[in-house]
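Each reported figure results from applying straightforward, stated rules to the coordinates on display, with no laboratory input. Predicted model, so just to flag it, every value in this text is computed and none were measured. Don't worry about glycine lacking a Cβ; one is built from the backbone with ideal geometry, like all the others, and counts go over all protein chains shown.
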Amino acid sequence: MHISISIDEQLLRLSEGDEILREYPVSSAAKGVGFREESFRTPTGQFRICEKIGYDQPLGTIYKTREPMGLWSADDVVEDDLITSRILRLDGLDPENKNTLARCIYIHGTNQEELIGTPASHGCIRMSNIDVIELFDLTPLDTLVSIEAPQRQRGKLIFFDCDSTLSSIEGIDELARARGPEIFQQVVNLTNAAMNGEIPLHEVFPRRMEIIRPDKALCETVARQYVETIVDGVRETLQTLREDGWTIVIISGGFAPLIKPLAETLGVEFIEAVPLFLDESGAYAGYDAHFPSTRNGGKPEIIREWKAAMRPKTTVMVGDGISDLESQNEVDMFIGFGGVVIRDAVKNSAQHFVESFADIPALAKKAAKRK
C-alpha cells in the first residue's frame, strides 16, 4: 500500500503496487507548503502512518488532543476547524519534515467538507468524513505517504504593512503614550529612527519593549485604536483586490494580538506579526525576539517563505517604512505608501509611491499583467 497526495490537484491516491485503488479529493493548507513549526503549512516529502486513531468511533466524532470529545453532524453550524471521524497521524522520514510528528500533522476528517478540493486547512490533510473512514479501514499502520510539492504557479499575493499604512497609528507609539509623555517621546524617537533607517530595527525593538512593558488592558486599548483609525479607502481597496483574485497578507513589526481585531474587521485571514506574551495575570511576559519582523531584513524573509509556500504568479508589497522598502527586490512590485506619513527614503527609492489607497488596485493590476 502507498498513499500519494498531490498539492496541485488536491487529490489523495491510494495505490497497491502500480494499481490505483481509490482517489479522494482533499484539502491541504491555505498557507501552502512548508516545514516550520507553527507555520500552518503542509509539509511535503516522504512520511509513514505512525498511528491510527478512531477505531469503531461513529461518523463525526470530534477529537481534541487525539481524544474523542463528542459528535459533529452536517447540520451543526461550527466555525472552529474540527478534527473529526478518523485520524491518520504522520511521521516525517526526510530531514526537512522530521518535525511532522511534533507538529501534529494528520490526515483527518473535517467539519468544513464544503472546502474539500481547495487549500483551506491549517497544515493537515483534510478529507470528507465518509472518505477518511474508508481510507482508514483500507490502510495499515506504517503505510508510506508521499506529499508532492506543488509545481504549478497559482494566485497573486499582496502584502500590506499595518502601522501608518492600514491604520494611521503606530501601535508601539500608542502603547508608549499611555505610559506618559516622557516615555512616549523616547519611544517615538526610536520608532522614527528605525523607520527612517537610522538605527537597526533589532536594536530598537528590545529597547522600546523594556521601556513600555504593556499589560493586557493596555494591549486591548491599542487593539481598539487600530480598528478606530483605519485609513480612508482601505476597506474598498481590499475588497477590490479580493474580487480581482489577490490573497491579502498583513506583514508587520507590530504585535499580532493587537493587530488581529483589525485584520478581522478588514476580512484579512493572514497575519505575519510579532507574538506578544502575557502571563496569567495579564502582565507583560515578553515577545518573540526571534520573529523575523523584529529585525532588518525580516519582512523580505517572510515574503520569501510565502513565495516558496504558495508559488504565486505575482507578488506586491505596500508599506511606508524602510523595513517595507527592504522587500523591494523580493516582490514584482513595491508600492511606497505616504497617505499617513511620507518618509523621504521610501519616497525616493520606491518603484511606485502613492498617498491614496484608491491608487493601489490599478498598480497591482499592472504588476499582474507583467507576468
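Quick rundown of the values:
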quantity	calculated
Projected-area mean, the stretch 264-356, by convex hull of Cα positions, square nanometres	7.9
R0 of 41 Å, Cβ-Cβ distance Lys366-Glu37: FRET efficiency to nearest 0.05	0.65
Selected from Gly54, Gly155, Gly282 as most flexible by GNM, with the chain as the system and alpha-carbon contacts under 10 Å	Gly282
Cα long-axis angle, helix 360-370 against the chain (0 to 90 degrees, to the nearest 10)	60
Between 0 and 90°, nearest 10: helix 201-212 axis offset from the chain longest Cα axis	80
Pairwise centroid distance, computed over Cα atoms, of the stretch 62-93 with the stretch 108-155, Å	13
Gaussian network model of the chain, Cα within-10 Å springs - most flexible of Val341, Val187, Val234	Val341
Gyration tensor (Cα) of the chain, equivalent ellipsoid semi-axes in angstrom	41, 24, 18
Filtered chymotrypsin sites (Phe, Trp or Tyr not before Pro), the stretch 1-72: DSSP coil and at most 15 other beta carbons within 10 Å	Tyr55
Listed residue pairs exceeding 32 Å between alpha carbons, taken from Lys216/Lys307; Lys31/Lys369; Lys64/Lys313; Lys299/Lys366; Lys260/Lys365; Lys64/Lys260	Lys216/Lys307; Lys64/Lys313
Largest-first ellipsoid semi-axes for the stretch 156-370, taking √(5λ) over the Cα gyration tensor eigenvalues, angstrom	27, 18, 16
Relative contact order %, the stretch 156-370, counting alpha carbon pairs below 8 Å whose residues are six or more apart	24
Dimensionless Rg/Rh of the stretch 2-148 - Kirkwood Rh, Rg from C-alpha atoms	0.93
Whole-number percent relative contact order across the stretch 2-148, with pairs defined as alpha carbons under 8 Å at least 6 apart	33
Square roots of five times the Cα gyration tensor eigenvalues for the stretch 70-183, Å	40, 20, 17
Reachable aspartates and glutamates from Lys98, criterion Cα separation under 19 angstrom, eight or more residues apart if same chain	Glu37, Glu38, Glu51, Asp142, Glu148, Glu305
